[in-house]
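Input: a single structure, listed below in structure tokens.
The values are calculated or read from the model by the stated rules, or taken from the named source; none is laboratory data. Because the structure is a prediction, the values reported are computed rather than measured. A quick note on method: Cβ atoms are made from the backbone with ideal geometry, for glycine too, and the neighbour counts reach across all protein chains shown.
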Amino acid sequence: MAQPQDLLYSKEHEWVKLDGDIATVGVTDYAQHSLGDIVYVELPRVGKTLAQFGNVGVIESVKAVSDLFTPIGGAVTEINGALDADPAMVNRDAFGEGWLFKVKVGNPGEAANLLKADDYDVLTKE
Amino acid sequence: MSGMKRTALHDEHVALGGRLVPFGGFEMPVQYAGILKEHEAVRKRAGLFDLSHMGQFILQGDNVAEWADGLTINAVGTMKPLQARYNMFCNPSGGVHDDVIFYKLDGRWMLVVNASNADKMWAHLNANLGDSGVKLTSLHGHNALIAMQGPKSLAMMQPHVDVDLDALKYYFCTEGNVYGKHAVIARTGYTGEDGFELFVNGPDAPGIWNALLADHRGDGLEPCGLGARDVLRLEAGMPLYGHELTEEITPVQARQTWALKMSKPSFVGKEALAGQLERDDYSRIVGLMMAGRAPAREGYKVFLGDREVGEVRSGSTAPACDNKNIATALVSKEAATLGTTLGVQIRDNRHDAVVTALPFYKRSK
């Protein structure tokens, strides 16, 4: 799948969609395919302040627990509650309905530390 | 993967898009279409597994049964012709070298051991031959093992086999031809479903594997990897060496005393196991059903109230148990009563788990 052009990406295979100062975060389609069937997601608490690239939770497949990092820092404003009952949504629609959480961006300059679509795409081919 | 061995079916796994990982010194498929899809195939229809990485040894001689009885916990001497029997080789402290299956074939015995223990067991058998006169031959890495597991196994296999599979009882085997090629066919498995394990010559394996998929993919037969195999065996309450059985965990602790024949006059580990049974103060394997959505994983600590009482040995989401999270744990005796609520430490929080009888899943009929 081609990487959506309107998103920014991290080396840990997360994506960020910026809408003013609210950032929506998820894992990429490449990540969900790598992980396999996702059975559980542990997301940061609403209100918690995250540091860019910090370890903020876990995403679990049938066999393995993987750390979840945040590609951007800020205070968590919302988490995707639908994933509690349907963690497989991340597999089905990683860039859409499988979003993980939203943050109010603390430092917009952090976006410069992220990859554009084409640069992230190179990572997925390595 | 350099240095890794390959089974006779390696090219087939690649062609099917299998995700290959190192296991027991071999490159093996952990999954193809995905663990959940493969799991569903086995529980509802049938799945095909390449188990050629497991150790296959041939034992010959007049004294095989008596010799084996001195080294194992279950009864070998009472096995009927063409019977298969689960067994364990223990160390003098009662811990387990490996869990295995013996097959009493015509004119010889076959012993199948875990892939991860093949080298250890080959050395152990050879070191303990004494003056038994037993002749050992290793087929490890030469012979292949294809397993079909699932409720549709009989219907899918029968047209291609020249023996009556319906007449083959559970934990018995026979010799026949599959697609015209010689095979030892055993009604054994590690999934809790009906199924057949085919022991064939390495060069015959790809033809049989491909023919079964060509003939039955349309009926819902799926190639299945080691990932699905682990979920299936855990649901069925079957121990996995390295998790519920180790050189330190005894068959008594692992609650496998059904396979322990203390009436045998002597075998390695008997005294230690007798002592353990008598004292009855040992930590033991229990089944756990997590109350919530977070899976328990190997190594997570287990608590009774504030007291740490053990650790998780295996854990997974269980599609056949309503997607609940199941686990096994080695816990102290006081924590092992059915129905007890224990706490499993998962990162920063302690999550409730109920001590549950094994198996978690039993096939219908």
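Just a few scattered comments:
- Segment B:17-34 residues that are away from chain A (no Cβ under 13 Å), paired with ones that are of a type in the set (D, E, K, R) (beta carbon under 6 Å, 6 or more apart): B:20/B:27; B:25/B:5; B:26/B:5; B:27/B:6
- Checking each residue in segment B:156-202 for being of a type in the set (S, T, N, Q) and either touching a strand residue (DSSP E or B) at 6+ places or on another chain (Cβ under 8 Å) or assigned by TED's automatic domain parsing to the domain that holds residue B:85 (or both) picks out B:174, B:177, B:188, B:191, B:201.
- Pair list, Cβ under 9 Å, 6 or more apart: segment B:254-265 residue buried (at least 16 other Cβ atoms within 10 Å of the Cβ), other residue in a helix (DSSP H, G or I): B:260/B:273; B:260/B:277; B:261/B:69; B:264/B:69; B:264/B:270
- For segment A:44-57, a residue qualifies if it is touching a strand residue (DSSP E or B) at 6+ places or on another chain (Cβ under 8 Å), surrounded by fewer than 17 Cβ atoms within 10 Å (Cβ to Cβ) and either part of a strand (DSSP E or B) or away from every other protein chain (no Cβ under 14 Å) (or both), and the qualifying residues are A:46, A:47, A:49, A:54, A:55.
- Of residues in segment A:58-82 being in contact (Cβ under 8 Å) with a residue 40 or more places away in the chain and not in a strand (DSSP E or B), the one nearest to the other protein chains (Cβ to nearest Cβ): A:70
- Only one of the numbered conditions (1) buried (at least 20 other Cβ atoms within 10 Å of the Cβ); (2) within 17 Å of the chain's Cα centre (by Cα); (3) in contact (Cβ under 8 Å) with a residue 40 or more places away in the chain is violated by residue B:86, and that is (1).
- Exclusive hit being within 24 Å of residue A:91 (Cβ to Cβ), in a strand (DSSP E or B), more than 12 Å from every other protein chain (Cβ to nearest Cβ) and of a type in the set (A, V, I, L, M, F, W, C), set A:25, A:41: A:25
- Per-region count, segment B:207-225, residues buried (at least 18 other Cβ atoms within 10 Å of the Cβ), assigned to a helix (DSSP H, G or I) and in contact with an Asp or Glu (Cβ under 9 Å, 6 or more places away or on another chain): 1
- Restricted to segment B:294-338, the set of strands (runs of 3 or more DSSP E) holding at least 1 residues that are within 14 Å of chain A (Cβ to nearest Cβ) and among the small types (Gly, Ala, Ser) comprises B:307-318, B:324-331.
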